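Novice: For reference, the structure I am asking about is given below.
The values are calculated or read from the model by the stated rules, or taken from the named source; none is laboratory data. The shown structure was predicted, so the numbers you read here are calculated from the model rather than taken from an experiment. All Cβ positions, glycine included, derive from the backbone under ideal geometry; neighbour counts span all protein chains shown. These accessible areas exclude ligands, DNA and RNA; they are computed on the full protein's heavy atoms, side chains included. Shrake-Rupley method; radii C 1.70, N 1.55, O 1.52, S 1.80 Å.
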Amino acid sequence: FDFPHVVNVGRWYTIYPPGFPLLLALGLLAGAPWLINPLLAGFAIILFYGLGVEIYDRRVGILAAILGAVSIWLLLMSSTMMSHTASMVFNALFLLFFFRSLRAPTVVHGLAAGASLGLAFLIRPYNAALFALPFLIVLAVRALARFKLRWKNALALALAGAAALGLFLAYNAA
């Protein structure tokens, strides 16, 4: 039973990380796995609005949501059962809480940013790592510059991200 996306070395397993199959499994439990990506695309448009408001203002948020809604890439990818839309959503969620962490470095914002990045990592690890790297560098520099104010936020982000990394390593070991 050799197949392009299945590793066959005495045991069969997929080459894909576990995050997106778990999302599809939720859709399967609901009887509609095909609905996962369209729902995520709708959530992405809301996130684009939130990011625009968080970084700039309401007008930019509305423009970002409109541009997201008419994006041919978003429309095409959200009509497939591929992991790109889910990766985009969790990376955008990471960005939302990252920028909130810059403005208000709370533990909750750090946990939310770390958990979002961790979920993005469980879906598309290389994509999430490369996407987040410049933002994590900015956060580290700011945390070091104002350590007493930002250490709890940075630690919360790191712990939530490390939990996802631990799940990923346990999945690979199994």
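Novice: Would you look at the GNM of the chain, springs on alpha carbons closer than 10 Å, and say which of Tyr126, Tyr13, Tyr49 moves the most?
Specialist: Tyr13
Novice: Return one whole number: the accessible area per residue of segment 35-120 in Å², for a 1.4 Å probe. Can you show the working numbers first?
Specialist: On the way: 4100 Å² over 86 residues.
For segment 35-120, the per-residue accessible area is 48 Å².
Novice: Related question: Tell me, what % of the accessible area of segment 22-162 is carbon and sulfur with a 1.4 angstrom probe? Provide the component values of the computation, followed by the final result.
Specialist: Details: 6030 of 7820 Å².
Carbon plus sulfur share of accessible area: 77 percent.
Novice: I'd like the distance between the alpha-carbon centres of segment 1-61 and segment 84-138, rounded to an integer number of Å.
Specialist: Rounded to whole Å, the Cα centres lie 15 Å apart.
Novice: How far apart, in nm, are the 7 Å Cα→Cβ label points at Asn127 and Asn8?
Specialist: Going by the 7 Å Cα→Cβ label model, 2.8 nm.
Novice: Mean Kyte-Doolittle of at least 0.0 plus a Cα span of 27 Å or more along the axis: flag which DSSP H helices in the chain meet both, please. Let's see the in-between values first.
Specialist: Working: long enough: 36-55 (28 Å, 1.77); 84-103 (29 Å, 1.04); 125-145 (29 Å, 1.70); 147-173 (38 Å, 0.97).
Qualifying helices: 36-55, 84-103, 125-145, 147-173.
Novice: Oh, and also: Probe radius 1.4 Å, ligands and nucleic acids left out: which of Asp57, Asp2 has the largest accessible area, and how do the rest follow?
Specialist: Details: Asp57 65, Asp2 130 Å².
The residues order as Asp2, Asp57, largest area first.
Novice: While we're on this one: If you build a Gaussian network model of the chain, linking Cα atoms that sit under 10 Å apart, which residue out of Thr106, Thr80, Thr14 swings the most?
Specialist: Thr14
Novice: Would you kindly state how much longer the chain becomes between Leu39 and Leu165 on full extension, computed as 0.36 nm times their sequence separation minus their alpha carbon distance, in nm to one decimal?
Specialist: On the way: separation 126, 0.36 × 126 = 45.36 nm, distance 2.59 nm.
In short, 42.8 nm is gained.
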